[in-house]
Amino acid sequence: MRKVLIQFDGSNFYNKVKKILPKSHLTYFDYLGLAQQLAGTKKCSVNYYVGEIKRSADNKKSHLLYKNQQALFFHLRKQNIAVKLGFLLRANGVYHEKGVDVQIAVDMAVGAVKNKFDVCYLFSSDTDLLPAIETAKQAGKQIIYVAFKGSVSRALKANCSSFRILSVRDLTNFFASKKISKFAN
């Protein structure tokens, strides 16, 4: 039986889904269901990578963002999805996610070399991952780039083993107990 790894770049996934379904709420999205449908098997390892929000005593918004992120983490862990955290770095008043792409790349490259997976579905459009993708392919692994309609990285499409482009219809079935018509515009 083939071993499957699914990697969600959390911020990337969130921003791409919000672009095509702006009214969607992803805290209760069925990430595992989407992963299993794409992989064609219920036996897959799923990782969700994101920068961790920290609470700041002088910032009420940080407390709300932290609370919402913790609800997301609880939901992901209930689905048996590993949450892997980077951090947020503030520069000139703007927060930047750090360490997430490195974790994705390391998990992909090390997992390939140590034969932890045969196929990896990558939910990210970050071209910084190209060296890890090349390492995994050299180790005989198949890397499938999962993109969103209207937002496809040509570099990842060209360098991965294959690709899958998701549409609104591909996503709508995975919103838990919500009326999908509320999300589609």
Is it the case that some residue within region 45-58 is closer than 30 Å to residue 142 by Cα, of a type outside the set (Val, Ile, Thr) and surrounded by fewer than 18 Cβ atoms within 10 Å (Cβ to Cβ)?
yes
Taking the condition surrounded by fewer than 13 Cβ atoms within 10 Å (Cβ to Cβ) and under 16 Å from the mean Cα position of the chain (by Cα), does residue 42 pass?
no
Only one residue in 47, 12, 80 is at positive phi, touching a residue at least 12 places away in the same chain (Cβ under 8 Å) and in contact with a strand residue (DSSP E or B) (Cβ under 8 Å, 6 or more places away or on another chain), so which one is that?
80
Any residue in region 140-156 that's farther than 20 Å from residue 14 by Cα: show its pairings with residues that are of a type in the set (S, T, N, Q) and assigned to a loop (DSSP other than H, G, I, E, B) at Cβ separation under 7 Å, as long as the two are six or more apart or on different chains.
142/161; 143/161
Per-region count, region 1-30, residues more than 22 Å from residue 98 (Cα to Cα) and surrounded by fewer than 22 Cβ atoms within 10 Å (Cβ to Cβ):
12
Restricting to region 90-123, what's the tally of residues that are within 18 Å of the chain's Cα centre (by Cα) and of a type in the set (Gly, Ala, Ser)?
4
Given (1) of a type outside the set (Phe, Trp, Tyr); (2) out of contact with any Phe, Trp or Tyr (no Cβ under 6 Å at 6 or more places or on another chain); (3) closer than 16 Å to residue 2 by Cα; (4) outside any loop (DSSP other than H, G, I, E, B), identify the lone condition not met by residue 102.
(3)
Hey, any hits in region 87-98 for a residue that's surrounded by 14 or more Cβ atoms within 10 Å (Cβ to Cβ), under 28 Å from residue 43 (Cβ atoms) and not hydroxyl-bearing (Ser, Thr, Tyr)?
no
Suppose we keep only residues that are at pLDDT 95 or above and assigned to a strand (DSSP E or B) within region 55-86. Which one would you say is farthest from residue 42 (Cα to Cα)?
85
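For region 156-185, how many residues are part of a strand (DSSP E or B), farther than 21 Å from residue 104 by Cβ and modelled with pLDDT of 90 or more? I'd like the intermediate steps shown before the answer.
Narrowing region 156-185 to residues part of a strand (DSSP E or B): 162-166, 175.
After this cut, where a residue has to be farther than 21 Å from residue 104 by Cβ as well, the list is 175.
Cutting the leftovers down to modelled with pLDDT of 90 or more gives us none.
So the count comes out to 0.
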Would you be able to say whether some residue in region 139-155 is assigned to a helix (DSSP H, G or I) and in contact with a Ser or Thr (Cβ under 6 Å, 6 or more places away or on another chain)?
yes
Give the number of residues within region 125-144 that are surrounded by fewer than 16 Cβ atoms within 10 Å (Cβ to Cβ) and within 19 Å of the chain's Cα centre (by Cα).
3
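Give me the residue from region 105-131 that is acidic (Asp, Glu) and part of a loop (DSSP other than H, G, I, E, B) and, out of that set, modelled with the lowest pLDDT. If you could, list the steps in order and put the result at the bottom.
Step one: list which residues in region 105-131 are acidic (Asp, Glu), which gives 107, 118, 126, 128.
Checking which are part of a loop (DSSP other than H, G, I, E, B) leaves us with 118, 126.
Details: 118: 98, 126: 94.
Taking the candidates together, the pick is 126.
The values are calculated or read from the model by the stated rules, or taken from the named source; none is laboratory data. Just so it is clear, the structure is predicted and the values come from calculations on it, not from any experiment. Heads up, the Cβs are rebuilt from the backbone with ideal geometry, glycines too, and the neighbour counts pull from every protein chain shown.
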